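The block underneath contains the structure these notes are about, expressed in structure tokens.
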Amino acid sequence: MSFSRVFLGLFCLLVAILLLAPTLVVIPMSFNGNKSLAFPPVGFTWAWYENFLTNPDWTTSFTNSLVIALIVAVAATVIGTLAAFGVTRAASRTGGLLRALLITPMVVPGVVLAIGIYAVYLDAHLVGTVAGFALAHTMLAIPFVLIAVQASLEVFDRRLETAAASLGAGRLTVFRTVTLPLILPGILSGALFAFITSFDEIIVALFITSPYLKTLPVQIYSSITRDADPTVAAVGTLLFLATSLIIIAGLLFGMRRGRT
Amino acid sequence: MTDTPDRPVLLPRFRFRGAVWLATPAVLVLLAALAYPLAIVVVRSFTDPAPGFDNYVWFFQSAVNRTVLQRTFVVAAWVTLASLICAYPYAYAMTIAGKNLRLALILCVLVPFWLSGVVRTLAWVILLQDSGVINSMLRGIGLSPVKLIRTLPGVVIGMTQVLLPFMILPIYSVMKGIDTRLLQAARSLGAKPWRAFLQIYVPLSLPGVYAGAIIVFILSLGFYITPALLGGPRSTMLSSLVQNQVLSLLNWGRGGAMGVVLLVATFVLLALAAPLMRQKHTRTRREA
Amino acid sequence: MNAPQRSAGAAIEIRQASKRYGAFVALRDIDLHIRPGEFMTLLGPSGSGKTTTLNLIAGFTDISSGALDIGGKSVTGLPSHKRNIGVVFQHYALFPHMTVGKNVAYPLSLRGIRGDDRERRVKRALDMVKMADFAHRYPNELSGGQQQRVALARALVFDPPLLLMDEPLGALDKKLREWLQLEIKRIHRELGTTFVYVTHDQEEALVLSDRIAVFNGGRIEQIGTGRELYDNPATLFVGRFIGESTVLRGASEIVNGDTVMTVGGDKIVAHGRLDGDASPVILLRPERVALKRPGSDAVSGENRLSGTVAEAIYLGSGSKYEVKLKDGTIAVVRAPLGAADFAIGDAVDLTFTPADLTLLPDDASADTTLT
């Protein structure tokens, strides 16, 4: 038994390294003294971080991504939360069908979707527009919100709503004072998922981007394919740190909630 | 008791017929940004440049296309297998680990899960390139460098790492619901630990395995960024061909036909796998 | 002493009420009149319609046909949040994101009561259930019994004229249940509110209620005080559901206006006869029987049934016997402390007078619903 435990432990250590370590390689590269992504890095410089913060190519694509992701987070959270209520509160058969329908964006191959959206956007003059990005990304983010909110609605004890009604609360008051506060963690994590989905989205973005509106992932992608600019490693490092911090904060928050 | 309605009558008030309409905005967004675009793809595959099945005939007659299609499925299968081998023990370790260790293990899955795929692929470019980390190390210990970037093994390694969280999370979510007292019960009935594990635990965890496998396989079929950045001419996957037809050759009909093939393959697989993912055994779940 | 306000309880009048769910009829044509300030228990097995009735009164579900008046006014179509009724649920239904104090203040806030007035009433309600020290705790830090007391305070804090309780003690253990029964009784006495209490536990119903309505298969079988139901059950179902009993069946004839039944060869006499032509059964309460040795002196007018002791249980306060009669029926007998002891296998005679028996029409459904 203990032998298999040791073996399991070693194996998991290797998997953990596989999961995390390759990504860490971007950190030393972001300080490379040469304008190259060749390993090993030489010297030390903050120049690539400086470039990210000052070069308009990088700063505008970053703000574009931020604006689009914020719009998507709000839109997808509202629309997805409504849909989650629809799915959980409808008769169970209809609800099941509706749910299957609403999570299809997760399984449709990205490129197929991207050429379709590209075709539609060419006709509708939505290529390279914030509205175009927001619509496509909202569609991609709805399933994540739906799943997160539905999960918290499913553990939500509906008898509390009955109880609140018996104490004198109308349907809207019940929602505001009882349902909403109790499913808020689900809604917030749905909003976070929606934000990240949009902020990281690349395939559809590659098709509907234009020289006038690039998002950060598009800028990273073209930087990797076009030149070996270590700025991309600096951006990668920053995204890695931001993602880790958000997740650690989320886990700690979840643990604290779990305790009380 | 056959007559149950004494208790559930508290609920119908909150399960109301109009509830479905709350999903209207979501359905509208899906119609506009999913259904309509996919319909255009399908229509163009049959009408561009001329009505008929020409694009499909072209697709299946071309040896190159058939090779790419086959390669796409083979790569997806390898990636699925490789991630399953890595994910199953890892997910199991997550369920038996103590609180702090479990948190660390979860962190190792969630950070890559939520980190931008482009950034993670960038890391693989740095690692696998001819002047990359792996070849530098090989040179350092006196071995000759190997060609990794723009090869199929490179693509499989990169994709496995990028998709691994999609395998671990579903397996873990099923495993943590398995009542481990069943294992104790099996052992108290005389089963050896390994036997108990294989006969009780593994079957109970299968819904998670099926779910993870189908998700990874489907995502692999349509994967674009990682193969595009890590692959070369001899490791092209279907998604790159679609992109090439539409963006470089402006051939919407042929690109559309390829896309439809990919779409159909995806939904056929989903339909076949759906019954497997249904969790027949969840009634044994421990009350949390 | 912080005396709670006495409020005038509301009367409830249900006439010819039915409730259907598709093809399933949960309630058929029930009539129920509850007096102001009364403690009325709705008693019955699960699926009998008692909770459906409670839900109709609370407004959680709508009546299919018939009429329902609360406090003299029809409430048909009035949603539950406008009925001003306190409800206590089996699973407490305390809001987990609010402290005990906030939970109890919730119905007051909804009624626009704020500031000192609200504080005072919250404290008064928590005092009443002896939970004032827990105002700042969260519900998941409390035991089941404590949570249910808070739920009771929350349902009463807005002085509703009517309190509904749906198996409120069902999830608690026996000792706690018995103590809380007395607490609920005390609070009912102090407030004068009308209480409607749903339970499937006949002992609980007997402890608490002014009157009990016995439900079976969507109908009310009988309404009465505990004593009336025990001594004069209207149906075999009520007789068997309230208290322990032995049902005697056999060929019967009418002799001088009394019913004579042959049970396993022994003839027993019960006063009077049944109206109509339903076949009679005899209900025998275990404490009305005296066990005697066979052949002991007969008292005139006494009924005797012979059998063998199949089980003898010492209970401290007396003994309980199960006696197998000659026709195979198992009769339950309770012997008081100091009565003669019998052992398993002993031949015994069950003796009782005709006045100890209740004559009822046979009803096969009474057996199936109870088991």
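Since every read-out is calculated from the coordinates, none of them should be taken as a lab result. Small disclaimer: the values here were computed from a predicted structure and weren't measured. Cβ placement follows ideal geometry from the backbone for every residue including glycine, while neighbour counts extend to all protein chains displayed.
Largest mean-square fluctuation among B:Ala273, B:Ala77, B:Ala23, in a Gaussian network model of chain B whose springs join Cα atoms under 10 Å apart, belongs to B:Ala23.
Among residues other than C:Asp346 with Cβ under 13 Å from its Cβ, the summed charge is -1 (Lys and Arg +1, Asp and Glu -1). Ordered from longest to shortest, the equivalent ellipsoid semi-axes for the stretch A:29-95 are 46, 16, 7 Å, each the square root of 5 times a Cα gyration tensor eigenvalue. With the biggest extent put first, the Cα atoms of the protein assembly as shown measure 119, 66, 61 Å across the principal axes. Straight Cα distances below 15 angstrom link A:Lys214 to the aspartates and glutamates A:Asp57, A:Asp200, A:Glu201, with same-chain residues fewer than 8 positions distant left out.
Listed by chain and number, the lysines placed with their C-alpha closer than 26 angstrom to that of B:Lys192 are B:Lys176, B:Lys280; residues fewer than eight positions away on the same chain are left out. A Cβ-based charge dipole, computed about the Cα centre of the stretch B:52-278 with Lys and Arg at +1 and Asp and Glu at -1, lands at about 560 debye.
Hey, any idea what Rg/Rh is for the stretch B:55-178, computing Rh the Kirkwood way over Cα pairs?
1.09
Over chain B, what relative contact order in percent results from Cα pairs under 8 Å that are six or more residues apart?
Here the relative contact order equals 27 percent.
Note down the net charge around A:Val72, summing +1 for each Lys or Arg and -1 for each Asp or Glu among other residues with Cβ under 14 Å from its Cβ. Neighbour charge sum, excluding A:Val72 itself: -2. Overall size of chain B from C-alpha positions, given as principal axis extents largest first: 67, 64, 31 Å.
When the C-alpha to C-alpha distance is required to be over 21 Å, the pairs from C:Lys123/C:Lys175; C:Lys267/C:Lys320; C:Lys50/C:Lys102; C:Lys292/C:Lys320 that qualify are C:Lys123/C:Lys175; C:Lys267/C:Lys320; C:Lys50/C:Lys102. The relative contact order of chain C, computed from alpha carbon pairs under 8 Å that lie at least 6 residues apart in sequence, is 16 percent. Note on the protein assembly as shown: dipole from Cβ charges, positive end direction compared against A:Phe85, A:Ser65, B:Ala93; the farthest Cα belongs to A:Ser65.
Cross-link reach is defined here as a Cα-Cα straight distance under 19 Å, omitting same-chain residues fewer than 8 places apart; for C:Lys174 the lysines meeting it are C:Lys185.
The residue list C:Pro280, C:Ala93, C:Ile14 was ranked by how far each Cα lies along the charge dipole of chain C toward its positive end, using unit charges on Cβ atoms, and C:Ala93 comes out on top. Only one residue of B:Asn251, C:Gly59, C:Ala26 has its Cα farthest out toward the positive end of the dipole of the protein assembly as shown, where Lys and Arg carry +1 and Asp and Glu -1 on Cβ, and that residue is B:Asn251. Our helix-only sum for chain A, with -39,500 (n - 2.57) per DSSP H run of n ≥ 4 divided by its residues, gives a mean residue ellipticity at 222 nm of -25500 deg cm²/dmol. Per-residue shielding of A:151-159, expressed as the average number of other chain Cβ atoms within 10 Å of the residue Cβ, stands at 2. Mean-square fluctuations from a GNM of chain C, with a 10 angstrom spring cutoff on Cα atoms, peak among C:Leu42, C:Leu78, C:Leu180 at C:Leu78.
Within the stretch A:39-143, the chymotrypsin sites (Phe, Trp or Tyr not before Pro) that combine a DSSP coil assignment with at most 13 other C-beta atoms in a 10 angstrom radius are A:Phe44, A:Trp46. If you take the beta carbon distance between B:Val264 and C:Arg20 as r and set R0 to 51 Å, what does 1/(1 + (r/R0)^6) give as a FRET efficiency, to the nearest 0.05? About 0.60, to the nearest 0.05. Sorting B:202-212, A:94-104 by average packing, meaning the other beta carbons within 10 Å per residue, from highest down gives B:202-212, A:94-104.
Could you compute the net charge surrounding B:Gly117? Neighbours are other residues with a C-beta less than 13 Å from the C-beta of B:Gly117; K and R count +1, D and E count -1. So the surrounding residues net to -1. Considering only A:Ile202, A:Ile117, A:Ile246, the mean-square fluctuation computed in a Gaussian network model of chain A, springs between alpha carbons under 10 angstrom, is largest for A:Ile246.
Measuring nothing but how far apart in sequence close Cα pairs (under 8 Å, 6+ apart) lie, relative to its length, chain A scores a relative contact order of 31 percent.
Counts of other chain beta carbons within 10 angstrom of each beta carbon in peptide A:235-242 average 4.
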